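See structure below.
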Amino acid sequence: MDSVNGAVWVLVLPFALAAVALLAAAANAALDGRTRGVSTTSGWVAPLQESARLLRQQRRTLPGADSLLWRIGGAGLVVAAVLKVLVVPFGGFTFADLSVGLVWFNAMDVLLWALWWLLGWGANSAWSLVGGYRFLAQALSYELPLMFALTAPAIGAGSLRLLDIQDAQSGLWFVVWMPVAFLVFAASVVAFSSWGPFQTATGRDAAGGVIGELSGVDRLVVLAGRYMILVAGAAFSVPLFFGGGSGPWLPAGVWVVIKTLAVVALLLTVRRLFPTLRPERLAEVALVLIMPLVLVQVAVAAVIVVVNGGAL
Amino acid sequence: MGVKGIVARLATGRIHVFILEIPGHLMLRMQVEASIAARGWVLAEAPADADVLLIVGEAPDAFIEIADGVWNQIPSPRHRTSVAAVAAISETLDAVPAVLRDEQQQSRDARQRPQHVIGGSAESEHSDGSDSSGDGHGDGAMDMEGMDMGMDMDMSGPAGIPLASGDESDRDGLEMDIIHLTLGPVLPDWPAGLVVHCTLHGDVIGDAAMEFLPGTGTNKSLDAIPAGLPAGPTTRAAMLCDAAGYLLAVAGWETVALKVRRIRDGLITGNAPEQMAVRLSRVYRQLERSRTLRWSLAGIPKAVDIGARTVLLGWLESAAAHLAEGELEPDGSVWPASLEDVRTALLGQELSVARLIVACVEPSRIAELSGAVHG
Amino acid sequence: MSPYLSVFIVIGACLAAIGVLYLLGRVVSVSSATVEVLPFQSGWLPREHALSRFHARWYPMTLVFLAFDVEMLFMYPWAVVVAQMGAEAVIEMFVFLGVLLVGVVWAWREGAFRWV
């Protein structure tokens, strides 16, 4: 019975993630609308209008475009986002209880390097290609701190399985004694979504960069995939740093969703507070300043578990 | 109204407009952008993202060719129109949704437009009702003065476009390909009429040639404000806010750029100037406080004594002074004295930095600077 | 049910959903034909194809990245056992990381993280 149940729930997952992504995009557009002085309602419906517009729009291709790789790049974003959420536990339930769930997440975010770059490469357009390489340069900066930040919760729990990591926080959430790891993780989520302050690869200054030559459904899939990655990253921070489904009164699964939305709200706020960080400025800070900081965080976590004989 | 009708109605609620601004129509373009924002529409970032190609001002031949090139790249449903006077803006924009919703006409246009690229330019079977003039645009329009044309132009690649090839000018002495990319005159957050033909090594500008495409009639006019509009301090403040909006958009701080543009729109439409002054000082404080912006803009442009951040804050400060009916002393900085100065600053820079450098020049000064090149 | 079965099911579901979206697009869009256009170069004709040997000036940084990326292979299993192994494991790992960090400092001094 369990396995049948699981299979059905797995089918719901992509649509649920897409729905939350739509909500995030709507909230973002509503905030932007308020800043611009247009009505907030028009912001809330903006993603729906955009979706309708892109469904109705003709698709384009370019001479010499590498269409197969281009489309793989687009569809891959959606798939990678869903695969990230697949290992997130909702209380005791998880879609796929991998013993190496954390490494799975790491693998998916490395996949994003290829996907964003393929999007830039596939179009055979100068601006897109520049965007693709901008993403790689940025990825070189965020990936190392991200990987070390991911090991901190693993050290805390002594396991790579997300259920164990979540359960190890019954005493104290990891975000309390691993704040640096969480901040780096959150920044990396924004960076691998090529969004907010880390949007150079899709930047308006590069006429849209990797998404600049996409139209119609192709563009819709990429834009949706981008918000899905963002939400997937936020959802993943819940078992890693916020105690998973733990919380009073409500069922664990509901708590995971609430905490995910809270992290998304945090990311939407951060976007408004910072200008874009260009990769060529970011690299130095990321590797010389942030990475040692994360390593200190990892060291602190390691010393605590050794002295304490386990998580706090 | 079937499903298609509902989708069409929903789809035309948030129209993406791609603007081609003809030099000398700065005020008109600001008004157009204000009207677009007021409708809840947005400015497109590229032809692929656009529904409407809107030519602001009266386009001379050079711009018509550019517009044709861009028009061919806009996916259907699409609409091409132009606006030449402030009074005509709302009428022109009001007509847009109906054109985009017209299923029959749009699918006819989609069938009849060139379906393939042949010989590096769009196939010429125009039969749509638009005013596009003939077959794409010829090589004659490409003014490549000062650029290396010595490379072999084999037309072997797909669609008759040659493959990229290397040359010896790579800064690191590597055998890398160079590609050419032209910035302007139609690009988001880019000054009207400015064209930079770049030779790129990767995303770094190895060489650049600048030109300025003048508009009609108002050729090289120093004052970009058309007759019939107040050229008073409020307008001047709006122009400065507009320039600041460009710089912020290029620096990738969208939310603050939105705030500045909202102030600009308030100023040109005459809504509550006192409130705009308050907003302006709030934005100014936010920008001044931001360490990230300071760090991100530091050292741009290189080897010039004023930085992008100083320029940005200076514009907003000056705009505030204009609103307070005071006059701010010009800060005495002369950069750039000509387009050549800008060109020198661009060499060896990444495209993102190059865009910031160009955004540091007030758009209304470009025409004047281009005069300095020749005279 | 093997967890990896869910992986394949969900990949299938995603691809199917995207396929349906494309079909929907075909039905709703004004033209199901894909139009071929030139790349956007501000209205000018492209002089060559963009796909080329791209000069990525940050290539020295990729080597630093590679060193740490390989290091992560040790880091994950180490993270699992560090609580049991005790202080010795902590010291060994951070001496190792320290050596790698010296490499980062050297690369920094060489200007590998500033490439323009």
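The values are calculated or read from the model by the stated rules, or taken from the named source; none is laboratory data. In this text, all values refer to a predicted model and were calculated from it rather than measured experimentally. Cβ: placed from backbone, ideal geometry, glycine included. Neighbour counts: every protein chain shown.
Observations
- Of the helices (runs of 4 or more DSSP H) entirely within segment A:27-122, those holding at least 2 residues that are crowded, with 22+ Cβ neighbours inside 10 Å occupy A:46-56, A:67-86, A:101-122.
- Residue in segment C:56-66 that is of a type in the set (D, E, K, R) and closer than 30 Å to B:Pro162 by Cα present: yes
- Residue count for segment C:79-116 under the criterion of being more than 7 Å from chain A (Cβ to nearest Cβ) and hydrophobic (A, V, I, L, M, F, W, C): the result is 14.
Residue by residue, here is whether (1) more than 11 Å from chain B (Cβ to nearest Cβ); (2) within 21 Å of the chain's Cα centre (by Cα) holds:
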| residue | (1), (2) |
| --- | --- |
| A:Leu13 | yes, yes |
| A:Leu17 | yes, yes |
| A:Val38 | no, no |
| A:Arg56 | no, no |
| A:Leu68 | yes, no |
| A:Gly73 | yes, yes |
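- Pairs where the first residue, in segment B:54-72, is free of Cβ contacts under 8 Å to residues at least 60 places away in the same chain and the second is crowded, with 19+ Cβ neighbours inside 10 Å and in a loop (DSSP other than H, G, I, E, B), C-beta under 6 Å, 6+ apart: B:Val56/B:His25
- Scanning segment A:237-259 turns up no residue that is out of contact with any strand residue (DSSP E or B) (no Cβ under 9 Å at 6 or more places or on another chain) and within 30 Å of C:Leu24 (Cβ to Cβ).
- Restricting attention to segment C:1-14, the residues that are within 7 Å of chain A (Cβ to nearest Cβ) and closer than 16 Å to A:Phe15 by Cβ total 6.
- Any chance A:Leu163 is of a type outside the set (Lys, Arg) and either part of a helix (DSSP H, G or I) or under 26 Å from B:Val353 (Cα atoms) (or both): yes
- When B:Met147, B:Met151 are checked against the criterion of being at pLDDT below 65, in contact with an Asp or Glu (Cβ under 8 Å, 6 or more places away or on another chain) and over 25 Å from A:Gly212 (Cβ atoms), B:Met151 stands alone in meeting it.
- Extreme residue, farthest from the other protein chains (Cβ to nearest Cβ), among residues of segment A:209-265 that are of a type in the set (D, E, K, R), in contact (Cβ under 8 Å) with a residue 60 or more places away in the chain and part of a helix (DSSP H, G or I): A:Arg226
- Residue match in segment C:41-59 (condition: among the hydroxyl-bearing types (Ser, Thr, Tyr), part of a helix (DSSP H, G or I) and within 30 Å of B:Asp203 (Cβ to Cβ)): yes
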